[in-house]
Amino acid sequence: MLRNLKIAVVGLGYVGLPVAVAFNQKYPVIGYDVNAERIQALTLGLDKTNEVSPEEFAKATIVFTDDPSDLKEAGFIIIAVPSAIDGDKLPDLSALQEASKCVGKHMKKGAVVVYESIVAPGMTEEICIPLLEKYSGYESGKEFFVGYSPARMLPGDKKNSFTKMKKVVAGQNEEVTEFLALVYGSIVGGGIHKAPSIRVAETAKLIENIQRDVNVALINELALICERLKIDTQEVLETAGSKRDFVKASPDLVGGQGIGLASFYLANKAEMVGHSSEVILSGRAINDGMGRFIAQSLIKKMIQNNISPAEGCVTILGLSFKEDVPDLRNSKVIDIVQELKEYGMNVQLTDPYAAVGDAESHYGSEILSYQQLKPAHAVILAVPHKLYKEGGWKQFEGLLIEQRGIVFDIKGALDVKKKPEKIQLWRL
């Protein structure tokens, strides 16, 4: 049944490219993206996301294209375009809709279309399928078939790759679900979970992300309280963690493409069916406010050290949304940058992974190389990349004026016992 299967992946970002490479180990794969520059780079073997190893990429025989007519060759089409929210924090479905229109126009009769993008409950069946029908002229469930299989990969997580995770699949009927299980099961070693419906699978993906959002929000709120109590949050967590069943989490800047977005998607859907979310949006509000809290805390500490914000200089280490990845989407570090600049402070921003062009296009911010940084009154270790962890306290000798000043270690990555006497340490 799968011997002559040809697969197409629509959207070749942090999710789509690893999926395409994984399937290409067993099947011929077409990789389609609307971004011609991205296609050119991939054709040359260049991947700025760093999600696929050079060795894996070198073995790939994927046909990369920005010509949608090539999709007609595929019998199994995976849509992995990024999800988004608009300025009012409502679902922005433009990429999902355009991808559905494109696939509808160019898919062949009998094709199976699978969505891996984050969607609110019901979107696949209420928005995507009608678009596929309209632009293909085919009838869903008879002349083409649809399923949902949410992405579970995290950027930078090489241990839990696409082929190692348990994969959730759901089809518009039992036969489609079984076919999805067969196709994904042929390359995924972590097992298959067959969800009873597409809507269940859509909601499950959201709650996977929201659970982390709410858990970290609780610890972030604890950090806000501990700051007022003048006790160390990390010491509180270490003590509480001595209890066997204590669920461990750490204060954090919760960004990224999926986590906050999932909270808004589900809360918006809940409101549409008459329920006003309390826990979900409260947690997101706390996490959205952490950048501002960090910036204002630094301002207070600088004033206490007789440093005027307008005359102060701060260096921020790290801009990506998590450690050791170049992904800048929805990074909460930028909230710190913007708040400090509102006080007139000189902010120097550096990140060993982030592309200069991405920082400019996403946030209008300039990324400096490590060598360009001038000694500052304070340094915020915002994203503890491996390079910064390995640098330890010694790296601050050149980053701080006269090797003294304030270091904000947001995630507690530095060894407190080795802190130089001249440095004031603060952490969430």
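The values are calculated or read from the model by the stated rules, or taken from the named source; none is laboratory data. Just so we're clear, the structure is a prediction, and the values are computed from it rather than from any experiment. Here the Cβ is made from the backbone with ideal geometry for all residues, glycine too, and neighbour counts use every protein chain on show. SASA here: full protein model, heavy atoms, side chains in, ligands and nucleic acids out. Shrake-Rupley method; radii C 1.70, N 1.55, O 1.52, S 1.80 Å.
Residues of the stretch 354-394 being more than 14 Å from residue 315 (Cβ to Cβ) and at pLDDT below 90, which ones?
Listed by number, the residues that qualify are 354, 355, 356, 357, 358, 359, 360, 361, 362, 363, 364.
Somewhere in the stretch 35-53, is a residue modelled with pLDDT of 95 or more, outside any helix (DSSP H, G or I) and surrounded by 16 or more Cβ atoms within 10 Å (Cβ to Cβ)?
Scanning the stretch 35-53, I find no residue that is modelled with pLDDT of 95 or more, outside any helix (DSSP H, G or I) and surrounded by 16 or more Cβ atoms within 10 Å (Cβ to Cβ), so the answer is no.
What number goes with the only condition from (1) open to solvent by 30 Å² or more (accessible area, probe 1.4 Å); (2) in contact with a Pro (Cβ under 9 Å, 6 or more places away or on another chain); (3) not aliphatic (A, V, I, L, M) that residue 256 does not pass?
(1)
Answer yes or no as to whether residue 335 is in contact (Cβ under 8 Å) with a residue 24 or more places away in the chain, part of a helix (DSSP H, G or I), open to solvent by less than 80 Å² (accessible area, probe 1.4 Å) and charged (D, E, K, R).
The answer is yes for residue 335.
Checking the conditions here, which among 317, 340 is within 24 Å of the chain's Cα centre (by Cα), open to solvent by less than 60 Å² (accessible area, probe 1.4 Å) and within 25 Å of residue 257 (Cα to Cα)?
317
Condition first: loosely packed, with under 14 Cβ neighbours inside 10 Å and farther than 21 Å from residue 340 by Cα. Now tell me which residues in the stretch 355-388 satisfy that.
357, 371, 386
So which of 13, 31 is among the small types (Gly, Ala, Ser), open to solvent by less than 40 Å² (accessible area, probe 1.4 Å), modelled with pLDDT of 90 or more and over 23 Å from residue 108 (Cα atoms)?
13
Considering only residues of the stretch 62-84 that are among the hydroxyl-bearing types (Ser, Thr, Tyr) and either modelled with pLDDT of 95 or more or outside any loop (DSSP other than H, G, I, E, B) (or both), which is farthest from residue 329 (Cα to Cα)?
69
Determine if the stretch 301-319 includes at least one residue that is part of a helix (DSSP H, G or I), free of Cβ contacts under 8 Å to residues at least 12 places away in the same chain and among the basic types (Lys, Arg).
Scanning the stretch 301-319, I find no residue that is part of a helix (DSSP H, G or I), free of Cβ contacts under 8 Å to residues at least 12 places away in the same chain and among the basic types (Lys, Arg), so the answer is no.
Rundown of residues vs (1) open to solvent by less than 40 Å² (accessible area, probe 1.4 Å); (2) touching a Leu at 6+ places or on another chain (Cβ under 6 Å); (3) closer than 14 Å to residue 96 by Cα, yes/no style:
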{"residue": "120", "(1), (2), (3)": "yes, no, yes"}
{"residue": "124", "(1), (2), (3)": "yes, no, yes"}
{"residue": "133", "(1), (2), (3)": "no, no, no"}
{"residue": "140", "(1), (2), (3)": "yes, no, no"}
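Among the residues of the stretch 352-372, write down those that are acidic (Asp, Glu), in a helix (DSSP H, G or I) and either under 16 Å from residue 387 (Cα atoms) or over 19 Å from the mean Cα position of the chain (by Cα) (or both).
The answer is none; no residue qualifies.
Among 223, 295, 217, 249, which is closer than 30 Å to residue 348 by Cα and either part of a loop (DSSP other than H, G, I, E, B) or open to solvent by 30 Å² or more (accessible area, probe 1.4 Å) (or both)?
Answer to the check: 249.
I'm checking my understanding of the structure. Among residues of the stretch 411-428 that are closer than 25 Å to residue 322 by Cβ and part of a helix (DSSP H, G or I), which one is farthest from the chain's Cα centre (by Cα)?
Looking at the filtered set, the residue picked out is 418.
Please name all residue pairs, on different chains or six or more residues apart, with Cβ atoms under 6 Å, provided the first residue is in the stretch 217-228 and is more than 8 Å from residue 251 (Cβ to Cβ) and the second residue is crowded, with 17+ Cβ neighbours inside 10 Å.
Listed pairs, sorted by first residue: 217/283; 217/286; 217/287; 221/286; 226/233.
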